[in-house]
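See structure below.
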């Protein structure tokens, strides 16, 4: 147990056993998937039509925004070239599905249906959904992997306030499904409703992904730090499909990449 | 010739597989905390019924499988289940003659011990959810035990597992 907790030696044992257990996990998640499927197949025509119109409208809106974004991206690249700064490259993503399996009720973890065999996944790989950051992989097995969600009490996420760039570390609060921002002084410039994005420090999560929104700021002068609670943007309980991200790590000319240790871990 | 005395090994395996499925099947958040320790109960039953076949090593193996499927620390349930199997082997002659409610109480205590071991290991690795919360499965297992016992006994007698 100590070996598993402190080192990496028993990883292969776990991976081997996980292969045995995977068919069972898959079978267990079949009923839940079947319910979803029947819900989709038996949806009425009106509902589908309504959904279709909504999606079309949303698609149009998003597309117009995307045109603007392409322009801004090009401009950004150009400006960065002028500044001789590092370039940001697009990140590679892979879609994975969640298996409906219950793990330990006191930890916030999920199982996904992608593993070593599908692609070069690595430990610590970030996981996002359509709304924000979800978590990172903690165990990669041949056919499945386990991810720790950002609301797990053992998970810490480096963030910054989108409005002013204030940096903070968000730690999960467990079963409440919220995050707590640690060690922010009472006079920190943070307000209810502030958007928190990943800061890219710590070399696990790529910078700039939306992560959470501030829900509550409690400044009590008798305490050394403010109590700041944030709500994750990702639909941690509802998402069925997630994206695995391969962060592109920037390199500055003449400076060794501070995140190079994170790359070496990936095979 | 030795193997001809043992029968119904596949049934024992199947009961463990079913218990493993029950212990990872998705449940609503409230019921999740109440989930009985299916694996431990099945292990206790077989330790009690066929102590010559199911023992500490099987308990350890089964616990290891639960570790992996719940993604716990490798060896956490294995240690707890080995302890439960050891105690059941020691007590199996007494457990067999107990009336069913008394048996349920003893099983409750055994599973409480198992939860306690898991709680200690969790405490050591810094993720303790609190004592009473961890003990809920022991109480629900106590309530479910008569059903499991009667069901598995019926299965054992029908298929003559020995």
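Overview of results
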item	result
Considering residues of the stretch B:120-139 that are more than 13 Å from the chain's Cα centre (by Cα) and touching a residue at least 40 places away in the same chain (Cβ under 8 Å) only, the residue farthest from the other protein chains (Cβ to nearest Cβ)	B:136
Search result, residues across the stretch B:15-37 that are in a helix (DSSP H, G or I) and more than 12 Å from chain A (Cβ to nearest Cβ)	B:15
Among residues of the stretch B:76-88, those that are over 13 Å from residue B:120 (Cα atoms) and facing another protein chain (nearest Cβ under 10 Å), counted	1
Residue that is modelled with the lowest pLDDT, among those in the stretch A:1-16 that are more than 21 Å from residue B:118 (Cα to Cα) and outside any helix (DSSP H, G or I)	A:8
Residue A:175 being closer than 30 Å to residue A:22 by Cβ and out of contact with any strand residue (DSSP E or B) (no Cβ under 9 Å at 6 or more places or on another chain)	yes
Conditions (1) away from every other protein chain (no Cβ under 14 Å); (2) within 30 Å of residue A:32 (Cβ to Cβ): number failed by residue B:62	(1)
Single unsatisfied condition, residue B:160 versus (1) more than 10 Å from chain A (Cβ to nearest Cβ); (2) surrounded by fewer than 21 Cβ atoms within 10 Å (Cβ to Cβ); (3) under 30 Å from residue A:10 (Cα atoms)	(3)
Residue A:193 in contact with a strand residue (DSSP E or B) (Cβ under 7 Å, 6 or more places away or on another chain) and either buried (at least 21 other Cβ atoms within 10 Å of the Cβ) or away from chain B (no Cβ under 14 Å) (or both)	yes
Unmet requirement for residue B:72, which otherwise passes all of (1) within 12 Å of another protein chain (Cβ to nearest Cβ); (2) part of a helix (DSSP H, G or I)	(2)
Residue in the stretch B:111-119 that is modelled with pLDDT under 95, more than 14 Å from every other protein chain (Cβ to nearest Cβ) and outside any helix (DSSP H, G or I) present	no
Filter result (exposed (fewer than 13 other Cβ atoms within 10 Å of the Cβ) and at pLDDT below 80) within the stretch A:86-109	A:87, A:89, A:90, A:92
Positions within the stretch A:189-212 being farther than 22 Å from residue A:154 by Cβ, part of a loop (DSSP other than H, G, I, E, B) and in contact (Cβ under 8 Å) with a residue 40 or more places away in the chain, in sequence order	none
Meets criteria (surrounded by 16 or more Cβ atoms within 10 Å (Cβ to Cβ) and either in a helix (DSSP H, G or I) or within 14 Å of another protein chain (Cβ to nearest Cβ) (or both)) for residue B:150	no
Top-ranked residue in the stretch A:128-172 [being within 13 Å of chain B (Cβ to nearest Cβ) and farther than 21 Å from residue A:244 by Cβ; ranked as surrounded by the most Cβ atoms within 10 Å (Cβ to Cβ)]	A:153
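The values are calculated or read from the model by the stated rules, or taken from the named source; none is laboratory data. Because the structure is a prediction, the values reported are computed rather than measured. Counting neighbours? That spans all protein chains shown, and the Cβs are built from the backbone with ideal geometry, glycine included.
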